Amino acid sequence: MADARKVAVVTGAGSGIGRGVAVALSKAGFTVVLAGRRAAALKETAASFGDGSGAALVVATDVTEPRDVSHLFETAQATFGRVDVLFNNAGASAPAVPIDALTPEQWNAVVAVNLTGTFLCAQAAFRVMKAQRPMGGRIINNGSISAAVPRPFSAPYTATKHAVTGLTRSLSLDGRAFDIACSQIDIGNADTEMTQPMARGVLQADGGVRPEPRMDVAHVAEAVVYMAGLPLSANVQFMTLMATKMPFIGRG
């Protein structure tokens with residue numbers, strides 16, 4: 001193995017939760033492979049690691065493209081010898097419109113990233129983890145609280161996140177024989193650029209528009225580092241991490 005550190009691949013690493021988790025994994029001693037569409041943003045993430053952190057590798061990747069995903073994992077393996085962790089984080093959403101106003105193109109775009117992209121990365125990671133020695137690894141899927149409870153006008157996002165839960169369960173079962181553990185973290189209202197509108201007010205299930213509390217991304221990063229650091233004999237199967245007072249329990 002070219003690097004004594006454990007190797008983690010993080011998709012959607014150019015901003016938000018992906019960036020926060022990548023930085024935290026690096027500080028925890030992981031070598032981190034940064035994947036995302038925007039190479040410049042990935043380089044900004046790598047630059048924020050600071051002295052004393054693990055090595056970083058930037059690989060511009062569109063997770064909806066099988067060739068890009070294959071290249072990502074082949075490069076990670078060729079550079080560092082193995083892949084120990086995948087944080088399957090890249091995601092997308094559609095405009096918040098009634099379902100009869102949603103276009104097939106908008107639907108397909110969300111499915112391509114949230115479901116197909118998650119599958120392609122998990123599949124590629126599975127192949128590497130199954131073949132490497134010592135065998136095994138960990139896949140952590142970024143679900144969402146929408147994997148359990150939808151927001152108004154969120155059919156594509158909610159449907160794909162429900163599907164990610166099914167994929168997580170299937171990978172957990174199929175990975176047993178190969179020491180591949182699979183987890184899912186469902187996150188609610190982390191303070192990122194994507195959730196900034198929540199501070200001003202967003203549509204609620206009762207038709208009202210109200211601001212929602214958010215939580216520091218650092219708490220998400222800490223949770224993922226904990227999940228990633230467990231021995232393969234133990235697994236956090238599902239974790240829900242949310243802003244305490246957000247409208248989730250009893251939503252609607």
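Just so you know, all these numbers are worked out from the coordinates, no wet-lab data involved. Every value quoted in this text rests on a predicted model; they were computed, and no experiment measured them. As a convention, Cβ positions derive from the backbone with ideal geometry for all residues, glycine included, and neighbour counts pool all protein chains shown.
The table below lists the values:
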{"item": "Cross-link partners of Lys130 among lysines (Cα-Cα below 19 Å; sequence separation of 8 or more within a chain)", "result": "Lys6"}
{"item": "Whole-angstrom gap from the range 163-225 to the range 101-122, using each part's C-alpha centre", "result": "17 Å"}
{"item": "Separation in nanometres of the label points that stand 7 Å from Cα toward Cβ, at Arg38 and Glu105", "result": "2.2 nm"}
{"item": "For peptides 213-226, 236-249, sequence by mean Cβ density within 10 Å, most packed first", "result": "213-226, 236-249"}
{"item": "Cα gyration tensor category, rounded, prolate or oblate, for the range 7-242 with a/c compared to 1.5", "result": "prolate"}
{"item": "Reachable lysines, given that their alpha-carbon falls under 30 Å from the alpha-carbon of Lys245 and they are not under 8 places away in the same chain", "result": "Lys27, Lys161"}
